[in-house]
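Following: one structure in structure tokens, then a few remarks.
The values are calculated or read from the model by the stated rules, or taken from the named source; none is laboratory data. Because the structure is a prediction, the values reported are computed rather than measured. Glycine gets a Cβ as well: all are built from the backbone with ideal geometry, and neighbour counts include every protein chain shown. To get the accessible areas, we keep the full protein, side chains included, count just its heavy atoms, and leave off ligands, DNA and RNA. Shrake-Rupley method; radii C 1.70, N 1.55, O 1.52, S 1.80 Å.
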Amino acid sequence: MAKEINTIGVLTSGGDAPGMNAAIRAVVRQACANGKKVKGIRRGYQGLLEEDIIDMDRHSVSDVIDKGGTFLFTARCSEFRTEEGQKKGAEICRKHGIDGLVVIGGDGSFAGAQKLANLGINTVGVPGTIDLDIACTEYTIGFDTAVNTAMEAIDKVRDTSTSHERCSIIEVMGRNAGYIALWSGIANGAEDILIPEQYDYDEQKIINNIIANRKRGKKHHIIINAEGIGHSTSMARRIEAATGVETRATILGYMQRGGSPTCQDRVYATMMGAMAVDLLCQGKTNRVVGISNGEFIDFDINEALGMKKGVDPYMIKVAGDMSK
Ligand code: ADP
Ligand code: F6P
């Protein structure tokens, strides 16, 4: 028989993402609506091991839906990667009466949730990362806000780049994933987009492209470079030397992780946070929620972590066609 859950814990873990607060709010409110007690675990698995745990009720999450970041804070915790750390975490959950746990984060955080599930704590993961790099879901909380922040910033760089007839390399976040680069590259009409999924890009081809575009009278040349490729400043120096076109690098950095979440992030965060609680209330464990073909779905965490995701080659092709 499915275990009945009395107290639901919630934590955010790994890199923060706009919309995490909306997801926490949904977890707390849905749990309260189902008559469950709620505990907030601050600073992810690190806070769990340090028993940084607070009681929450529906008023604890007033006025947070529009706020960026995560008011429960987040952290990376190496101790939780060890078996002792995981056992200690499960014991602390039991000590505080937490028999169901919602983990909002990325694949690494889900791996932690899987370990707790194996130790008898019912867990459900909610995908929260600006990188959009969780294979089991078409959407991750934070992506829409982050990519719009990047797009607006790139528009501004493009203005000054055109005025000065320069080439601009703009580095966006995505250490292992090129979604922000690809989407902002298409949205900003970039001439070249470099993503970690295609690490073996041809710099000489970019240089030839810049020279050809200059001859055709183009006033600027925008290169979107994902963090996973990196080296934007040295790349700018090499491109300027080879083309004779003044070239500047701009690294957008952490601004992409902050800011008030967009409507899409607030709505999806609310739906997925609520669904995570519904699954726990049904006695489910070791699950992760997501969106597939426009529908909210859930997967076994083991299955979800085994899935692979790649950028759509057709999107890459169209992005290239647009700049020809
Ligand atoms: P994300 O959740 O965004 O992928 P990380 O990979 O940094 O971020 O993972 C966040 C945290 O999850 C880590 O600091 C660690 O505490 C925990 N974690 C990651 N991988 C594992 C694992 N294999 N087993 C247990 N815990 C893990
Ligand atoms: O949140 C996603 C991300 O921006 C990744 O693209 C990057 O690898 C990582 O976070 C860097 O985060 P931090 O500097 O906090 O480790």
Exercise. Using a Förster distance of 30 Å, how high is the FRET efficiency between Asp202 and Ser292, based on the Cβ-Cβ distance and rounded to 0.05?
Worked result: 0.30
Exercise. Can you run phi through the Karplus equation (6.51, -1.76, 1.60; θ = phi - 60°) for the stretch 307-324 and list ³J(HN,Hα) in whole Hz, with x for Gly and Pro?
Worked result: 7, 10, 10, x, 6, 5, x, 5, 5, 5, 5, 5, 4, x, 4, 5, 9, 7
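May I ask for the net charge around Ala135, where only other residues with Cβ less than 9 Å from the Cβ of Ala135 are counted and Lys, Arg are +1 while Asp, Glu are -1? Spell out each step's value before the answer.
Details: positive: Lys308, Lys309; negative: Asp107, Asp133.
Every neighbour counted, the sum reads 0.
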For this session: Would you please classify the overall shape of the chain from the alpha carbon gyration tensor, given that a ≥ b ≥ c denote the square roots of the eigenvalues, rounded means a/c under 1.5, and beyond that prolate means a/b larger than b/c while oblate covers the rest?
Result: prolate
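Rg to Rh ratio, the stretch 144-257, alpha-carbon atoms and Kirkwood radius? Don't jump to the answer; show the numbers that get you there.
Details: Rg = 12.9 Å, Rh = 13.7 Å.
Rg/Rh for the stretch 144-257 comes to 0.94.
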Seminar exercise, completed: Contact order relative to length for the stretch 1-122, counting C-alpha pairs under 8 Å separated by 6 or more residues, stands in percent at 36
For this session: Determine the order of His59, His96, His220, His164 by accessible area, beginning with the largest, at a probe radius of 1.4 Å.
Result: His59, His164, His96, His220
For this session: Could you tell me which of Ser161, Ala146, Ala249 has its Cα farthest along the dipole of the stretch 144-257 towards the positive end, charges placed at Cβ (Lys, Arg +1; Asp, Glu -1), taken about the Cα centre?
Result: Ser161
Problem set entry | Neighbourhood charge, 15 Å Cβ-Cβ cut-off, centred on Cys167 and excluding it, Lys, Arg +1 and Asp, Glu -1 | +3
Seminar exercise, completed: Here, Ile211 and Asp55, labelled 7 Å along Cα→Cβ, have an inter-label distance in nm of 7.3
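With every protein chain present, what is the per residue accessible area of the chain (1.4 Å probe, Å²)?
Details: 14300 Å² over 324 residues.
Averaged over the residues of the chain, the accessible area is 44 Å².
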Seminar exercise, completed: Scoring the chain by relative contact order with C-alpha pairs under 8 Å, at least six apart, yields a percentage of 24
Problem set entry | the stretch 144-257, relative contact order in percent, only Cα pairs under 8 angstrom and at least six apart counted | 41
Exercise. How far, in degrees from 0 to 90, does helix 107-118 lean away from the longest principal axis of the Cα atoms of the chain, to the nearest 10?
Worked result: 20
Problem set entry | Extension gain (nm, one decimal) between Glu152 and Met255, 0.36 nm per residue minus Cα-Cα | 35.9 nm
Problem set entry | Largest-first principal axis extents of the Cα set of the stretch 4-129 (Å) | 38, 31, 21
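What's the carbon and sulfur percent of the chain's accessible surface, probe 1.4 angstrom, rounded to a whole number?
Values: 7120 of 14300 Å².
Carbon plus sulfur share of accessible area: 50 percent.
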Problem set entry | Partner aspartates and glutamates for Lys95 [C-alpha distance under 20 Å; skip if fewer than 8 residues away on the same chain] | Glu4, Glu50, Glu51, Asp52, Asp55, Asp57, Glu79, Glu83, Glu84
Exercise. Summing -39500 (n - 2.57) over the DSSP H runs of n ≥ 4 in the chain and dividing by its residue number, what mean residue ellipticity at 222 nm do you reach, to the nearest 500 deg cm²/dmol?
Worked result: -13000 deg cm²/dmol
For this session: For the chain, give the magnitude of the charge dipole about the Cα centre (Cβ charges: +1 Lys/Arg, -1 Asp/Glu; no others), in debye to the nearest 20.
Result: 300
Exercise. With axes computed from alpha carbons, what is the tilt in degrees of helix 143-163 against the longest principal axis of the chain, rounded to the nearest 10 within 0 to 90?
Worked result: 20
For this session: Work out the length of the dipole vector of the stretch 144-257 about its Cα centre, built from +1 on the beta-carbon of each Lys and Arg and -1 on the beta-carbon of each Asp and Glu, and round it to the nearest 20 debye.
Result: 400
For this session: For the chain, find the longest principal axis of its Cα atoms and tell me its angle to the long axis of helix 232-243, 0 to 90°, nearest 10.
Result: 20
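Output the antiparallel fraction of DSSP beta bridges having both residues in the chain, as a percent to the nearest 5. Let's see the in-between values first.
Numbers: 10 of 42 bridges.
Taking every DSSP beta bridge with both residues in the chain, the antiparallel ones total about 25 percent.
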